[in-house]
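Working notes, structure below.
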Amino acid sequence: MPQEPVHINAKGKKQNSFDAIVIGSGISGGWAAKELCEKGLKTLVLERGRNIEHIKDYPTATLGPWEFKHRGQMTKQFLEENPLITKTAGYGEDTAHFFIKDKDHPYVQEKPFNWVRGYQVGGKSLTWGRACQRWSDFEFTAPGRYGYGEGFPIRYKDVAPWYSHVEKFIGVCGKADGIESMPDGEYLPPFDFNAAEAAIHKKISAHYSDRHMVHARWAHLTEPKEIHIQQGRSKCQARNRCMRGCPFGGYFSSVSSTLPWAKKTGNLTIRPFSVAHSIIYDEQKQRATGIRVVDAHTKKITDYFATIIFVNGSALNSNLVLLNSTSNRFPNGLGNDSGLLGTHVAFHNYRAGVGGTMEGMQDKYYYGRNPTEPIIANYRNLHKQDTNYVGGFTTFMGAHRSRRDGAELAQTIGGAYKDAMTEPGEWNVYMYMQGETIMKRSNHVRLSTDQKDEWGVPLLITSVGYDDNDEKMIPDFINQSLEMLEVAGCKNLTQYDNHQAPGLDIHEMGGCKMGSDPKTSLLNEWNQLHHCKNVFVTDGACMASTGNQSPSLLYMALTARAVTHAVEEIRKKNLKS
Ligand SMILES: Cc1cc2nc3c(=O)[nH]c(=O)nc-3n(C[C@H](O)[C@H](O)[C@H](O)COP(=O)(O)OP(=O)(O)OC[C@H]3O[C@@H](n4cnc5c(N)ncnc54)[C@H](O)[C@@H]3O)c2cc1C
């Protein structure tokens, strides 16, 4: 939707001046860049990592398992040197190049917290899981209604059009299921249930009135539309090698979608290897004027200037940049009059799962490697609080055929062994949780006062942990899920609580929360800092509660919404250069 350009800094200004600067080129930064550039703003995207070009920089995208030096595994030495990042879901020899190494980017864990990062153009959009459910009003309002937080100053109706805007562009497959706790979006056709999933769906639907098992809502092009073809993307091939980068553009990433789209406008400048050190605040103008940048290699410092700034470094990095942006006016971090910057950091509770086997259907298989998972929408604490904890959980699940039993295979040899290997084993079923957690002041991040990284930025200290509410949610999830598996006729039921450190969920949020009261929040309902209106924070740092849906779709929607507001404010001259 091209509009009249707003070239605030177009003429006669320094080479380093732009209309807008975006920190970070991942999921939310890519969206900020696309929307700003489309609206005619000369936009600089600062990215601390290397450049990644769609297709060209996906070195493992088409490799077979036998083509990896270590058959996909990391060496013992590498695992010992990188005990944190190598625990990330999907991390392996095929994806390692899209993640940081532990020793290059240290931080201080006051409590165990596994901070997962991907420092490159595209950020974690290259490796994300792609689950894209909308939040419902239950999630926007529950913290306030049940007294475990203030929640958001906005409601589902405020975001719904922006969800549609984003879904249509990125391409989300799914089905309109009419579920109250998981509103419908603009969907491409879903990946269908396989035979076992269809059988489970039938049993669960017949037994429960409140449990809705539905097709995945995932950012995959099952049937590309014109807008996707214009992006140069094509149909998902169900290769399930998404985390290596998809040469087909079958799933959404900034690298395949928003960034090239922004580039086509002629308004985009991306500067890789540019570490945003801090936001520059001009005391006289009473606004932020730009960003101080450290070159990742030379360590040279350069200032870049703009009328508006979007902070999209991903939740904890955005907190870090804001905390490091000190001035006489803001000695404790930009916009931090409330003293709350860095507090109320939260995550999703991913600790527990269950499994089982299903008899029968030995003549049934499936085509391709489905890169998505069916979802059971949250059924807890909706209209009333019905458990001994607050919040709810989304359940992801699936069924697949395993390899033949090892002991059975061991009985065969030669050609018979090879023949036996071509036969799949029994059906295995799994479910795992994505649980809401409570945002609270004590779960926080702050800057180290005595340790800096090699770019002169103080190390981040994470002090974030589970609480009693999280502990109570786990057995309820396990009991309910086991019961559903039993109802579905599963056998050999198993369960786990992996006690993983927070952070491994990779849904860290908060620290710069949105709210209507500047005394208890940092951002207003348009993601603007209450006390520095030309700075917008639209990644997970802005979250005022965690909900139980996957969060990235909301970051994208909020980003697009905030850009539109920012440009309106510029046109009304409420934001000036
Ligand atoms: C394995 C995995 C599975 C996931 N599954 C899902 C899922 O199914 N659904 C879902 O909703 N979410 C999922 N996520 C989470 C999702 O990836 C993040 O929520 C999302 O990427 C956040 O977007 P962002 O723009 O805030 O951050 P990112 O995408 O991480 O991008 C941030 C960018 O900022 C750059 N940066 C940081 N600091 C600076 C600085 N100081 N200066 C310059 N640049 C900087 C980084 O290098 C990076 O490129 C998953 C993540 C992973 C890794």
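The values are calculated or read from the model by the stated rules, or taken from the named source; none is laboratory data. Please read these numbers as outputs of a predicted model, since none were measured by experiment. All Cβ positions, glycine included, derive from the backbone under ideal geometry; neighbour counts span all protein chains shown. Heavy atoms of the whole protein, side chains included, go into the accessibility calculation; ligands, DNA and RNA do not. Shrake-Rupley method; radii C 1.70, N 1.55, O 1.52, S 1.80 Å.
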Of (1) under 21 Å from residue 227 (Cα atoms); (2) in contact with a Ser or Thr (Cβ under 7 Å, 6 or more places away or on another chain), residue 24 fails just (1)
Those residues that are part of a loop (DSSP other than H, G, I, E, B) and either more than 30 Å from residue 277 (Cα to Cα) or touching a Ser or Thr at 6+ places or on another chain (Cβ under 8 Å) (or both), I need them from segment 458-483; list them, please.
-> 466, 467
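Specify which of the listed residues (314, 318) is at positive phi, within 14 Å of the ligand (Cβ to nearest atom) and among the hydroxyl-bearing types (Ser, Thr, Tyr).
Answer to the check: 314.
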Going through (1) modelled with pLDDT of 95 or more; (2) out of contact with any strand residue (DSSP E or B) (no Cβ under 6 Å at 6 or more places or on another chain); (3) more than 9 Å from the ligand (Cβ to nearest atom) one by one, residue 24 fails only at (3)
Among 156, 107, 119, 163, the single one that is away from the ligand (no atom under 16 Å from the Cβ) and either among the acidic types (Asp, Glu) or touching a residue at least 24 places away in the same chain (Cβ under 8 Å) (or both) is 156
Matching residues, segment 515-549, being within 15 Å of the ligand (Cβ to nearest atom) and in a strand (DSSP E or B) = 523, 535, 536, 537
Any hit, segment 301-311, residues being outside any strand (DSSP E or B) and either within 10 Å of the ligand (Cβ to nearest atom) or open to solvent by 10 Å² or more (accessible area, probe 1.4 Å) (or both) = no
Would you mind stating whether residue 577 is of a type outside the set (Phe, Trp, Tyr), open to solvent by 10 Å² or more (accessible area, probe 1.4 Å) and under 15 Å from the mean Cα position of the chain (by Cα)?
-> no
Segment 442-453: number of residues that are surrounded by fewer than 19 Cβ atoms within 10 Å (Cβ to Cβ), more than 13 Å from the ligand (Cβ to nearest atom) and over 10 Å from residue 344 (Cβ atoms) = 5
Residue 203 being open to solvent by 50 Å² or more (accessible area, probe 1.4 Å) and either among the aromatic types (Phe, Trp, Tyr) or part of a helix (DSSP H, G or I) (or both) = yes
Among (1) open to solvent by 10 Å² or more (accessible area, probe 1.4 Å); (2) more than 28 Å from residue 447 (Cβ to Cβ); (3) in a loop (DSSP other than H, G, I, E, B), where does residue 160 come up short?
-> (3)
Restrict the check to segment 73-80 and report whether at least one residue is outside any loop (DSSP other than H, G, I, E, B) and closer than 26 Å to residue 346 by Cα.
-> no
List the pairs whose first member sits in segment 127-146 and is in a helix (DSSP H, G or I), whose second member is of a type in the set (D, E, K, R) and more than 16 Å from the ligand (Cβ to nearest atom), and whose Cβ atoms are under 7 Å apart, counting only residues at least 6 apart or on separate chains?
-> 137/155; 140/155; 143/150; 144/150
Do you know which of the residues in segment 550-577 that are part of a helix (DSSP H, G or I) and basic (Lys, Arg) is nearest to residue 262 (Cα to Cα)?
-> 561
Take residue 439 and decide whether it is part of a strand (DSSP E or B) and open to solvent by less than 30 Å² (accessible area, probe 1.4 Å).
-> no
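Could you tell me whether any residue of segment 494-504 is within 16 Å of the ligand (Cβ to nearest atom), open to solvent by less than 10 Å² (accessible area, probe 1.4 Å) and either more than 29 Å from residue 279 (Cα to Cα) or among the small types (Gly, Ala, Ser) (or both)?
Within segment 494-504 (the criterion being within 16 Å of the ligand (Cβ to nearest atom), open to solvent by less than 10 Å² (accessible area, probe 1.4 Å) and either more than 29 Å from residue 279 (Cα to Cα) or among the small types (Gly, Ala, Ser) (or both)), the answer is yes, since at least one residue qualifies.
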Scan segment 130-168 for residues that are closer than 16 Å to residue 540 by Cα and among the small types (Gly, Ala, Ser) and jot them down.
-> 131, 151
Where residues in segment 27-53 are near the ligand (Cβ under 7 Å from one of its atoms) and in a loop (DSSP other than H, G, I, E, B), which of them is most open to solvent (accessible area, probe 1.4 Å)?
-> 48
Candidate set: segment 383-402, residues that are out of contact with any strand residue (DSSP E or B) (no Cβ under 8 Å at 6 or more places or on another chain) and more than 21 Å from residue 350 (Cβ to Cβ); chosen: the one surrounded by the fewest Cβ atoms within 10 Å (Cβ to Cβ) = 384
